[in-house]
Amino acid sequence: MQFSERIKGVKGSAIRELFKVLGNPAIISFGGGNPAKECFPKEWAAETARELIAEKGDVLLQYGPTEGYMPLRKAYLEKVLPPLGIKDATIDNVITMTGSMQGLDLLAKVMINPGDTVLVEEPTFLGAIQIFNIAQANIVSVPMHDDGVHADELEEMVKKHHPVLFYTIPTFQNPTSKVMNVETRKVTARLAAEYDMLVIEDDPYAALRFSGEVMPLIKTFDTSDNVILLTSYSKTISPGLRVACCCGNAELVRKMVIAKQGSDTHSPNLNQALVAEFINQGKMEEHLRFINSVYSKSASVMIDAMRKYFPEWAKFEAPEGGLFVWVTLPEGMDANEVYQRAVKDKLVAFVPGAPFYTKPGICDNTFRLNFSAEPEERIVEGIHRLGDLLKEMRG
Ligand SMILES: Cc1ncc(COP(=O)(O)O)c(C=O)c1O
């Protein structure tokens, strides 16, 4: 069969592939970014879905507007954005999406011609790399450091390549869990204005903060309306609902709506209504307190176990939030080999670092561990087995 140029050579997502392995319940998974199942508001969702259908079934079970379910757009505009420092947006700046993954896909359709340059952090979210590859973009990157990308390196890359967009996950970045400092956030907004470059501020993890100082959004420094904020409810409420919102330039958002018409018509009404109710009933604050206490505990259980069982040459840092711990092995050690043996011999899964890089072979000695999906005893057991394997593999 003849496939399109755009799909040729684009690999399946390493994490989606991993889901196949995870069918085996014996495997301890530090793989995908799955929230803990006890963090889903199940009883509330069951009750609220029943009430919503009883009261608004005629609307919710009908086709809806592509821009999104109005009560959710309004809740995001009036209740979510102002406390984040975004006070001057209007309803035309806001649409809902089927997960922020769809936001990225729509933005790629709207912004990228084949061969256009896009700038990403290195490493970065592999779903974004996949989307930009399918859009046939020329992907260039700026390296991540302990405090995210550095402003001078970012500016140099923007000057040199004039990218159509810069994709960033400034807070608890996937996969590194690093946080961009305030100065670089300001510079990013300035570069967006100076170079008429779109900045995609992908922010699914900032609400999952269990220590440290809250950071201002890049969008709060945006003077040119060139920063678009993507807010996913996957990690905070439920990924299965597939609901996200965005706030960006009205003209850009209108183009996204046109692209979305040809993609899935609109996101599921009932799911959007559930998220709107969650926000409007004021559930989010208490829910975040609860899930952050769960994740804070899981993260420290994982970090304590890593300090105990990992060899000292495996480098990592305790995250202040998010869902991941990023590990760097000594130069020359191949995390993919570790992964193969971990799954086969130790029944432990994680994501090797390679797919988070824009090109093969850049940094094969890294891997990502997720701490939110397994109970504490399995976290300790899995880290113990992984530590043993690392020592076996490198003496
Ligand atoms: C940085 C980042 N962006 C976007 C997504 C996709 O989120 P959603 O479930 O809203 O599509 C993820 C999921 O892991 C992510 O880590």
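Being in the same structural domain as T223 (by TED's automatic domain parsing), touching a helix residue (DSSP H, G or I) at 6+ places or on another chain (Cβ under 8 Å) and either of a type in the set (D, E, K, R) or under 25 Å from D225 (Cα atoms) (or both) narrows it down to one of L252, L241, L274, L270, so name that one. If you could, list the steps in order and put the result at the bottom.
On the way: L241 fails: either of a type in the set (D, E, K, R) or under 25 Å from D225 (Cα atoms) (or both); L274 fails: either of a type in the set (D, E, K, R) or under 25 Å from D225 (Cα atoms) (or both); L270 fails: either of a type in the set (D, E, K, R) or under 25 Å from D225 (Cα atoms) (or both).
Every option except L252 fails the conditions.
So which of R341, R385 ends up being at negative phi, out of contact with any Phe, Trp or Tyr (no Cβ under 9 Å at 6 or more places or on another chain) and not hydroxyl-bearing (S, T, Y)?
It is R341.
Would you point out which residue out of L369, L390 is within 18 Å of I28 (Cβ to Cβ), more than 25 Å from the chain's Cα centre (by Cα) and open to solvent by less than 50 Å² (accessible area, probe 1.4 Å)?
L390
Might you let me know whether region 57-72 holds any residue that is within 19 Å of I291 (Cβ to Cβ) and open to solvent by 30 Å² or more (accessible area, probe 1.4 Å)?
No, because not a single residue in region 57-72 is within 19 Å of I291 (Cβ to Cβ) and open to solvent by 30 Å² or more (accessible area, probe 1.4 Å).
With respect to F166, determine if the residue is within 16 Å of the ligand (Cβ to nearest atom) and open to solvent by 10 Å² or more (accessible area, probe 1.4 Å). Step through it out loud before you land on a result.
On the way: within 16 Å of the ligand (Cβ to nearest atom): yes; open to solvent by 10 Å² or more (accessible area, probe 1.4 Å): no.
The answer is no for F166.
Quick one: would you say T96 is part of a loop (DSSP other than H, G, I, E, B), within 16 Å of the ligand (Cβ to nearest atom), touching a Phe, Trp or Tyr at 6+ places or on another chain (Cβ under 9 Å) and not acidic (D, E)? Explain how you work it out, then say what you get.
Working: part of a loop (DSSP other than H, G, I, E, B): no; within 16 Å of the ligand (Cβ to nearest atom): yes; touching a Phe, Trp or Tyr at 6+ places or on another chain (Cβ under 9 Å): yes; not acidic (D, E): yes.
Spelling it out, it is not the case that T96 is part of a loop (DSSP other than H, G, I, E, B), within 16 Å of the ligand (Cβ to nearest atom), touching a Phe, Trp or Tyr at 6+ places or on another chain (Cβ under 9 Å) and not acidic (D, E).
Which of the numbered conditions does T265 fail, given that it passes all the others? Conditions: (1) on the phi > 0 side of the Ramachandran plot; (2) outside the structural domain of G103 (by TED's automatic domain parsing).
(2)
Got a number for residues in region 201-224 being among the charged types (D, E, K, R), touching a residue at least 60 places away in the same chain (Cβ under 8 Å) and either more than 13 Å from the ligand (Cβ to nearest atom) or over 20 Å from M284 (Cβ atoms) (or both)? It would help to see each step written out before you state the result.
First, the residues of region 201-224 that are among the charged types (D, E, K, R): 201-203, 209, 213, 219, 222.
Next, from what is left, pick out any that are touching a residue at least 60 places away in the same chain (Cβ under 8 Å): 202, 209, 219.
Applying the additional criterion that residues be either more than 13 Å from the ligand (Cβ to nearest atom) or over 20 Å from M284 (Cβ atoms) (or both) yields 209, 219.
Count: 2.
Restricting attention to region 257-274, which residues are open to solvent by 40 Å² or more (accessible area, probe 1.4 Å), touching a residue at least 24 places away in the same chain (Cβ under 8 Å) and either within 11 Å of the ligand (Cβ to nearest atom) or part of a loop (DSSP other than H, G, I, E, B) (or both)?
S263, D264, T265, P268
Collect the residues in region 152-195 that are farther than 16 Å from M215 by Cα and within 22 Å of the chain's Cα centre (by Cα), keeping them in residue-number order.
Hits for region 152-195 are L154, P163, V164, L165, F166, Y167, N174, P175, T176, A192.
Would you pick out the residues in region 31-56 that are open to solvent by 20 Å² or more (accessible area, probe 1.4 Å) and in a loop (DSSP other than H, G, I, E, B)?
N34, F40, P41
How many of the residues making up region 169-187 are more than 16 Å from the ligand (Cβ to nearest atom) and within 24 Å of I112 (Cα to Cα)?
2
So, of the residues in region 215-256 that are basic (K, R) and open to solvent by 30 Å² or more (accessible area, probe 1.4 Å), which turns out to be farthest from E67 (Cα to Cα)?
If we take residues in region 215-256 being basic (K, R) and open to solvent by 30 Å² or more (accessible area, probe 1.4 Å), then K235 is farthest from E67 (Cα to Cα).
So is L77 away from the ligand (no atom under 11 Å from the Cβ), open to solvent by less than 40 Å² (accessible area, probe 1.4 Å), aliphatic (A, V, I, L, M) and part of a helix (DSSP H, G or I) or not?
So L77 passes the test.
Would you call T48 in the same structural domain as A259 (by TED's automatic domain parsing) and β-branched (V, I, T)?
Spelling it out, it is not the case that T48 is in the same structural domain as A259 (by TED's automatic domain parsing) and β-branched (V, I, T).
So, in region 297-326, of the ones that are within 18 Å of the chain's Cα centre (by Cα) and open to solvent by less than 50 Å² (accessible area, probe 1.4 Å), which residue ends up nearest to A354 (Cα to Cα)?
W326
Quick one: which strands (runs of 3 or more DSSP E) sit completely within region 111-185 and have at least 3 residues that are at pLDDT below 95, touching a Phe, Trp or Tyr at 6+ places or on another chain (Cβ under 8 Å) and closer than 20 Å to A207 by Cβ?
On the way: elements: 117-122, 138-143, 165-168.
Result: empty, no element qualifies.
Step by step: first the residues of region 275-330, then only those that are basic (K, R) and outside any helix (DSSP H, G or I), then the one that is farthest from I237 (Cα to Cα). Which residue is that? Steps first, answer last, please.
Residues of region 275-330 basic (K, R): 283, 289, 297, 307-308, 315.
Checking the rest, the ones that are also outside any helix (DSSP H, G or I) come to 283, 315.
Working: K283: 10, K315: 31 Å.
Of everything passing the filter in region 275-330, K315 is farthest from I237 (Cα to Cα).
May I ask you to verify whether A193 is among the small types (G, A, S) and away from the ligand (no atom under 15 Å from the Cβ)? Break it down stepwise before answering.
Working: among the small types (G, A, S): yes; away from the ligand (no atom under 15 Å from the Cβ): yes.
Taking the combined requirement at face value, the residue satisfies it.
Go through region 103-121 and give me each residue that's within 14 Å of the ligand (Cβ to nearest atom) and open to solvent by 20 Å² or more (accessible area, probe 1.4 Å).
Across region 103-121, the qualifying residue is only D105.
Restricting to region 189-248, what's the tally of residues that are aromatic (F, W, Y) and in contact with a Cys (Cβ under 9 Å, 6 or more places away or on another chain)?
The total comes to 1.
The values are calculated or read from the model by the stated rules, or taken from the named source; none is laboratory data. Keep in mind that this is a model prediction, so the values were computed, not measured. Positions of Cβ are backbone-derived with ideal geometry, glycine not excepted, and every protein chain shown enters the neighbour counts. When the accessible area is computed, the model is the full protein with side chains, heavy atoms only, and any ligands, DNA or RNA have been set aside. Shrake-Rupley method; radii C 1.70, N 1.55, O 1.52, S 1.80 Å.
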